[in-house]
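Colleague: Here it is: the structure, laid out below.
The values are calculated or read from the model by the stated rules, or taken from the named source; none is laboratory data. Please read these numbers as outputs of a predicted model, since none were measured by experiment. Backbone-built Cβ (ideal geometry, glycine too); neighbour counts: all protein chains shown.
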Amino acid sequence: MEVPILKQGAVLIATFQAALSDADLNQLRMGLVQQVVKFRSRAVIVDVTAMDVMDSFASRTLREIALMIRLRGAETVIVGIQPEVAFAMVQLGLTLEGVATALDLEEGLAYLNEEFKTTS
Amino acid sequence: MAKRDGTPTDPEPKRTEEPSELLRELVAHLRQNRTQLREEWVVRITETRLLTAMTKEEIFAEATSVYDSYVEALETEAFEALQAYARNLSERIIPRGVETHEVVGIVLLLRDVLARSLFAKYQTDFKKLNRILDAYEPAANRIANTVAVGFVQERERVIRQQQEAIRELSTPVLQVRERLLILPIIGVIDPQRARQLTEQLLRGIRTNRAKVVVIDITGVAAMDVTVANHLVQTVEASRLLGATVIVTGLSPEIAQTLVTIGVDLGKMNTVGDLQGGIEQAERLLGYKVATIAELR
């Protein structure tokens, strides 16, 4: 199942579905990294609200996406991590260090707007 | 048949009474000398300084009922009534701080007092004394066991009940401003409670759409490695939900423990007291608290 990438102003939004295979994740990663420069986006929001389980591969991919996007000159915000998932991730030592997080899509957009205001 | 000294030939074969018969004789003796034996027992209790939390009159009243239940249990060999009484007694005396050793102590004292009186009564007839003791000892030991177990069970029940009460009361997640939560933690944190706290906090962050959380641990006396690590994990999990955590009220002792055991607190945002924590949270949220005079 391919993950659609939506463009909303200067932001790219990718929404994770529940069951993503490792191949889907790899594809999403490449897609985001390519399109972020193609559309001259300033930020990427990855919405994981639908994921009620996050394995180590998925969260490592999330972190890699964030780091690669930074190298491509944009910012990443992960939004919608479920409380149970958050705690499970932390217990596995997957803390997504250095990656911005927000409660949901709305919060993520609000956060980015603040960021854009201060940087532009 | 109650003889256990191993001699194959009994010089007085006609006098081998059934144990139940012996017990009956024993019970009759204990009933007859009730007043005196009970008196003696109470004196021994006071001498050994047991049940100091109770008054003399109370000890006497309890001693009377324990004595009667004891003799009854010996007679009928039915321990249910005694068990119920032991539980009832425990219920009354546990809140007054009576310890396990005291309860066991008084029952053992009674056993000794009664045994002595049996020695005194049958000292001329050693064989009979032996048989009587053969019948008496197992029953007496069982009684002591029953009472002790009843007391401990009751105590455990009380402790469990209190633990549950504490658990239920102990985890309020409070919203003090729009998007600002406070989690005051009081008392001892064990791993189970820590887990519950985390779950409640994370759920609270979601439902209240909180951006900043102040965890106040002024009321926590001590913290071990497991709990400290759990606290760090809670902070990180909250961040994954997009909330910043401020920890306030770390006591000097806890601060020292954490530094000594080397828990990585670099990720934790700590402020001295709850007031400071709330002030910083307000700054993070863009609030400014001003007096009315300042605004004029």
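Colleague: Could you please give the count of residues in the range B:155-193 that are at pLDDT below 85 and among the acidic types (Asp, Glu)?
Modeller: Matching residues across the range B:155-193 total 3.
Colleague: Against the condition among the aliphatic types (A, V, I, L, M), under 24 Å from residue A:47 (Cα atoms) and surrounded by 15 or more Cβ atoms within 10 Å (Cβ to Cβ), how does residue B:213 come out, does it pass?
Modeller: Working: among the aliphatic types (A, V, I, L, M): yes; under 24 Å from residue A:47 (Cα atoms): yes; surrounded by 15 or more Cβ atoms within 10 Å (Cβ to Cβ): yes.
Yes.
Colleague: Moving to a separate point now. Identify all residues within the range B:201-223 that are of a type outside the set (S, T, N, Q) and more than 10 Å from chain A (Cβ to nearest Cβ); write none if there are none. Before you say what the answer is, go through the steps one by one.
Modeller: Going residue by residue through the range B:201-223, those that are of a type outside the set (S, T, N, Q) are B:201-206, B:209-217, B:219-223.
B:212, B:213, B:214, B:215, B:216, B:217, B:219, B:220, B:221, B:222, B:223 - these are the residues of the range B:201-223 that are of a type outside the set (S, T, N, Q) and more than 10 Å from chain A (Cβ to nearest Cβ).
Colleague: Considering B:186, B:205, which residue is without any contact (Cβ under 8 Å) to a residue 60 or more places away in the chain, farther than 27 Å from residue A:108 by Cα and in contact with a strand residue (DSSP E or B) (Cβ under 9 Å, 6 or more places away or on another chain)?
Modeller: Step by step, each of B:186, B:205 is checked, and only B:186 is without any contact (Cβ under 8 Å) to a residue 60 or more places away in the chain, farther than 27 Å from residue A:108 by Cα and in contact with a strand residue (DSSP E or B) (Cβ under 9 Å, 6 or more places away or on another chain).
Colleague: Determine whether residue A:66 is within 13 Å of chain B (Cβ to nearest Cβ), under 23 Å from residue A:8 (Cβ atoms) and touching a strand residue (DSSP E or B) at 6+ places or on another chain (Cβ under 7 Å).
Modeller: Numbers: within 13 Å of chain B (Cβ to nearest Cβ): yes; under 23 Å from residue A:8 (Cβ atoms): yes; touching a strand residue (DSSP E or B) at 6+ places or on another chain (Cβ under 7 Å): yes.
Yes; evaluated as a whole, the condition is true for this residue.
Colleague: Something else now. Looking at (1) farther than 23 Å from residue B:26 by Cα; (2) surrounded by fewer than 20 Cβ atoms within 10 Å (Cβ to Cβ), find the lone condition where residue B:104 falls short.
Modeller: Among (1) farther than 23 Å from residue B:26 by Cα; (2) surrounded by fewer than 20 Cβ atoms within 10 Å (Cβ to Cβ), residue B:104 violates only (1).
Colleague: Would you point out which residue out of B:117, B:65 is in contact with a His (Cβ under 8 Å, 6 or more places away or on another chain) and either farther than 17 Å from residue B:145 by Cα or aromatic (Phe, Trp, Tyr) (or both)? Show your work before the answer.
Modeller: On the way: B:65 fails: in contact with a His (Cβ under 8 Å, 6 or more places away or on another chain).
The unique qualifying residue is B:117.
Colleague: Restricting the search to the range B:250-272, which residues are assigned to a helix (DSSP H, G or I) and either in contact with an Asp or Glu (Cβ under 6 Å, 6 or more places away or on another chain) or free of Cβ contacts under 8 Å to residues at least 24 places away in the same chain (or both)? Show your work before the answer.
Modeller: Here is the first cut: in the range B:250-272, the ones assigned to a helix (DSSP H, G or I) are B:252-261.
Answer for the range B:250-272, where residues must be assigned to a helix (DSSP H, G or I) and either in contact with an Asp or Glu (Cβ under 6 Å, 6 or more places away or on another chain) or free of Cβ contacts under 8 Å to residues at least 24 places away in the same chain (or both): B:252, B:255, B:256, B:259, B:260.
Colleague: Could you please let me know if residue B:289 is closer than 15 Å to residue B:176 by Cβ and assigned to a loop (DSSP other than H, G, I, E, B)? Walk me through how you get there before you give the answer.
Modeller: On the way: closer than 15 Å to residue B:176 by Cβ: yes; assigned to a loop (DSSP other than H, G, I, E, B): yes.
Criteria met by residue B:289.
Colleague: Right, next: Has the range A:92-104 got any residue that is in contact with a helix residue (DSSP H, G or I) (Cβ under 8 Å, 6 or more places away or on another chain), on the phi > 0 side of the Ramachandran plot and among the hydrophobic types (A, V, I, L, M, F, W, C)?
Modeller: Yes, that holds for at least one residue.
Colleague: Go through the residues of the range A:7-18 one by one and say whether even a single one is touching a Ser or Thr at 6+ places or on another chain (Cβ under 8 Å), over 18 Å from residue B:240 (Cβ atoms) and surrounded by fewer than 21 Cβ atoms within 10 Å (Cβ to Cβ).
Modeller: Checked the range A:7-18: at least one residue is touching a Ser or Thr at 6+ places or on another chain (Cβ under 8 Å), over 18 Å from residue B:240 (Cβ atoms) and surrounded by fewer than 21 Cβ atoms within 10 Å (Cβ to Cβ).
Colleague: State whether the residues of the range B:256-269 include one that is under 24 Å from residue B:206 (Cα atoms), surrounded by fewer than 16 Cβ atoms within 10 Å (Cβ to Cβ) and of a type in the set (D, E, K, R).
Modeller: Initially, the range B:256-269 is screened for residues under 24 Å from residue B:206 (Cα atoms), giving B:267-269.
From what is left, the residues that are surrounded by fewer than 16 Cβ atoms within 10 Å (Cβ to Cβ) are B:267.
After this cut, where a residue has to be of a type in the set (D, E, K, R) as well, the list is B:267.
Yes, because at least one residue in the range B:256-269 is under 24 Å from residue B:206 (Cα atoms), surrounded by fewer than 16 Cβ atoms within 10 Å (Cβ to Cβ) and of a type in the set (D, E, K, R).
Colleague: Would you tally the residues in the range B:201-235 being within 28 Å of the chain's Cα centre (by Cα) and more than 20 Å from residue B:252 (Cβ to Cβ)?
Modeller: Result for the range B:201-235: 2.
Colleague: Restricting the range B:236-253 to residues that are surrounded by 24 or more Cβ atoms within 10 Å (Cβ to Cβ) and at the interface with chain A (Cβ under 9 Å from one of its Cβ atoms), which is farthest from the chain's Cα centre (by Cα)?
Modeller: B:242
Colleague: Is the range B:98-111 home to any residue that is hydrophobic (A, V, I, L, M, F, W, C), closer than 15 Å to residue B:153 by Cα and part of a helix (DSSP H, G or I)?
Modeller: Kept after step one, since they are hydrophobic (A, V, I, L, M, F, W, C), are these residues of the range B:98-111: B:98, B:103-104, B:106-110.
From what's left, closer than 15 Å to residue B:153 by Cα: B:98, B:103-104.
Still in the running and part of a helix (DSSP H, G or I): B:103-104.
Yes, the conditions are met somewhere in the range B:98-111.
Colleague: Is it the case, given these coordinates, that residue A:69 is crowded, with 20+ Cβ neighbours inside 10 Å, touching a residue at least 24 places away in the same chain (Cβ under 8 Å) and under 26 Å from residue B:233 (Cα atoms)? Before the answer, list the steps.
Modeller: On the way: crowded, with 20+ Cβ neighbours inside 10 Å: yes; touching a residue at least 24 places away in the same chain (Cβ under 8 Å): yes; under 26 Å from residue B:233 (Cα atoms): no.
Spelling it out, it is not the case that residue A:69 is crowded, with 20+ Cβ neighbours inside 10 Å, touching a residue at least 24 places away in the same chain (Cβ under 8 Å) and under 26 Å from residue B:233 (Cα atoms).
Colleague: Let me ask another. Suppose we filter the range A:22-34 for residues that are in contact (Cβ under 8 Å) with a residue 12 or more places away in the chain, farther than 22 Å from residue A:110 by Cα and of a type outside the set (Asp, Glu); how many remain?
Modeller: So the answer is 7.
Colleague: For the range A:72-109, what are the residues that are within 10 Å of another protein chain (Cβ to nearest Cβ), part of a helix (DSSP H, G or I), surrounded by fewer than 20 Cβ atoms within 10 Å (Cβ to Cβ) and not acidic (Asp, Glu)?
Modeller: Across the range A:72-109, the qualifying residues are A:88, A:91.
Colleague: Same structure again: Return yes when residue A:116 is within 13 Å of chain B (Cβ to nearest Cβ) and either farther than 21 Å from residue A:33 by Cβ or of a type in the set (Phe, Trp, Tyr) (or both) and no when it is not.
Modeller: Details: within 13 Å of chain B (Cβ to nearest Cβ): no; either farther than 21 Å from residue A:33 by Cβ or of a type in the set (Phe, Trp, Tyr) (or both): yes.
Taking the combined requirement at face value, the residue does not satisfy it.
Colleague: Give B:226, B:198 a once-over and let me know the one that is free of Cβ contacts under 8 Å to residues at least 40 places away in the same chain, more than 12 Å from chain A (Cβ to nearest Cβ) and on the phi < 0 side of the Ramachandran plot.
Modeller: Working: B:198 fails: more than 12 Å from chain A (Cβ to nearest Cβ).
Going through B:226, B:198 in turn, just one is free of Cβ contacts under 8 Å to residues at least 40 places away in the same chain, more than 12 Å from chain A (Cβ to nearest Cβ) and on the phi < 0 side of the Ramachandran plot: B:226.
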